[in-house]
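Here the structure comes first, spelled out in structure tokens, and everything after it is commentary.
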Amino acid sequence: MSAAKILVVEDEEPLARMLDTSLRQAGYVVTTVGRGVDALKHLIRDEFGVILLDLGLPDADGKEVINQAKAVTRAPVIVISARDSEREKIAALDIGANDYVQKPFDMGELLARIRVALRPPRIRPALESRSDAGLQLDAASRRAIVDGKPVRLSKKEAELLQLLMEARGVIVSHSRIIEVVWGPGSDADAMNLRVLAWQLRRKIEPDAANPRFLIAEAGEGYRLNTD
Ligand code: CA
């Protein structure tokens, strides 16, 4: 498999250089630009796996860049914002950003979010079980093992659990979960996701009303508690 390409759109030079270097070290092919107009040129010419986008660019409003990007590519957009604003974040997610990190961010967390964003929309059965603090998933047979007890999962329940396990404790946004579990362009919404999360909890949680594994982060998404 060839390395995924990442487009970094960040005008703050030290941060742009740090991202460029760290992402290359992580094995990605990286293109870094500082202006919205250059981002668009690259998006039209080239195919990227993920776009990392600073919302505060010198020549364009970041939200405008998201709109333009969505018109020419299906690559997921992870917004990097200096603004500590819940409204800003919800607005970015509303117009199609897939995920959001706030400066200053931890590189390990950003890499986890990139792995989640790059994941193919439908799962391929994993050959082996993965384990997470008392919880294991055998994706091929769609069985979870909770404290040693096997539980059968539906296809979507297994896909949700596998996605959250792969994120290793990082929050996965509602829109990203829907895209992975229901497929790109589906009309499933947050309510469908809540129902699915509820079904999964009834199977894997010792006490579904007080979840130990599947944690909802209001307005953001879900994460798997691995403590
Ligand atoms: Ca900036």
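Filter the range 1-48 for residues that are within 16 Å of the ligand (Cβ to nearest atom), β-branched (V, I, T) and in a strand (DSSP E or B); which is surrounded by the fewest Cβ atoms within 10 Å (Cβ to Cβ)? If we take residues in the range 1-48 being within 16 Å of the ligand (Cβ to nearest atom), β-branched (V, I, T) and in a strand (DSSP E or B), then V33 is surrounded by the fewest Cβ atoms within 10 Å (Cβ to Cβ). All of (1) in contact with an Asp or Glu (Cβ under 9 Å, 6 or more places away or on another chain); (2) free of Cβ contacts under 8 Å to residues at least 60 places away in the same chain hold for A75 with one exception: (2).
Reported count of residues in the range 51-69, each being modelled with pLDDT of 85 or more and either within 22 Å of G219 (Cα to Cα) or within 16 Å of the chain's Cα centre (by Cα) (or both), is 7.
The strands (runs of 3 or more DSSP E) found wholly in the range 138-224 and carrying at least 1 residues that are surrounded by fewer than 18 Cβ atoms within 10 Å (Cβ to Cβ) and under 22 Å from the mean Cα position of the chain (by Cα) occupy 214-217.
Against the condition closer than 24 Å to P14 by Cα and part of a helix (DSSP H, G or I), how does K70 come out, does it pass? Criteria not met by K70. For the range 49-59, the tally of residues that are crowded, with 20+ Cβ neighbours inside 10 Å and more than 16 Å from the ligand (Cβ to nearest atom) stands at 1.
The values are calculated or read from the model by the stated rules, or taken from the named source; none is laboratory data. Because the structure is a prediction, the values reported are computed rather than measured. Quick reminder, even Gly has a Cβ in these numbers, built from the backbone with ideal geometry, and neighbours come from all protein chains shown.
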